[in-house]
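J.: Can you read through this structure? Questions will come right after.
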Amino acid sequence: MSFQVAEQSVQTEFDESNWDQLLDEYDYARPERGELRDGLVMQIEENGVLVSIGTKREGVIPWQDVRQMGEEFTDTLQVGNPIQVYVQDPENKDGDLILSLTMVQVAKDWETASRMYSDGGIVRCKVVGFNKGGLLVQFNRIRGFVPASQIAQLHGRTAAEERQQALQRMVNQEIPLKVIEVDRERNRLVFSERSATQEWRKAQKHRLLSELQAGDILTGRSIS
């Protein structure tokens, strides 16, 4: 009997002194900044929405972030809804896990850009501005940059003033682009119009050659 009591006492002492450590070990899926997590709405409060993402503590989506999703979303938001969130801050100064809804699409855009960089895909983006170094383009919710050296319409010997005028004329145009650099940590997304144009011309040439048949009669013009 005394042995059993002693064993229970040791076990109780172990549980109390190591409980936090055991919880930390169990919490194997600790959230990291920039992650996308599937969660479940647990509670809707005045200050935000509490969401469970599979960790020992619930995260909170601030109301200012929720409101940016629009009235249609907020009107249908209720406890029990499955929801995808972005980990904005794993632990702020108050010890809270801060989540975001609006950053979900931004994170997906970065993932798309990374895939395009790996696959060599071409996308059309709208030119939204320019500076002395090149063009600013909008890739979904991410602002990208096209260096002047990667703009097909510019030449190396183009004068500075003429270059700025050419860049200005391209604002509001949609141009074909190829991703040549992705650095999410530095918020840097770089495109090349020159590479995209070359790829497009190669594809058009290949398509034309594959469609040509012996005996075809074509109409052309001299460019000399």
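The values are calculated or read from the model by the stated rules, or taken from the named source; none is laboratory data. Everything quoted here is computed from the prediction, not taken from an experiment. Using ideal geometry, Cβ is built from the backbone for each residue, glycine included, and neighbour counts are taken over all protein chains shown.
J.: With respect to ILE44, determine if the residue is more than 30 Å from ARG194 (Cα to Cα), modelled with pLDDT of 90 or more and of a type in the set (Val, Ile, Thr).
T.: yes
J.: Consider region 158-182. How many of its residues are touching a helix residue (DSSP H, G or I) at 6+ places or on another chain (Cβ under 6 Å) and at positive phi?
T.: Looking only at that region, the number is 0.
J.: So, one more: Which one of these is surrounded by 12 or more Cβ atoms within 10 Å (Cβ to Cβ) and on the phi < 0 side of the Ramachandran plot: THR76, THR112?
T.: THR112
J.: For the condition of a type in the set (A, V, I, L, M) and closer than 30 Å to GLN164 by Cα, what is the one hit in VAL79, VAL49, VAL137, VAL41?
T.: Just one listed residue meets the conditions, VAL137.
J.: Here is a check on your reading of the model: is GLU91 surrounded by fewer than 14 Cβ atoms within 10 Å (Cβ to Cβ) and under 9 Å from the mean Cα position of the chain (by Cα)?
T.: Taking the combined requirement at face value, the residue does not satisfy it.
J.: When the residues of region 184-198 are narrowed to those that are hydroxyl-bearing (Ser, Thr, Tyr) and part of a helix (DSSP H, G or I), which ends up nearest to the chain's Cα centre (by Cα)?
T.: SER195
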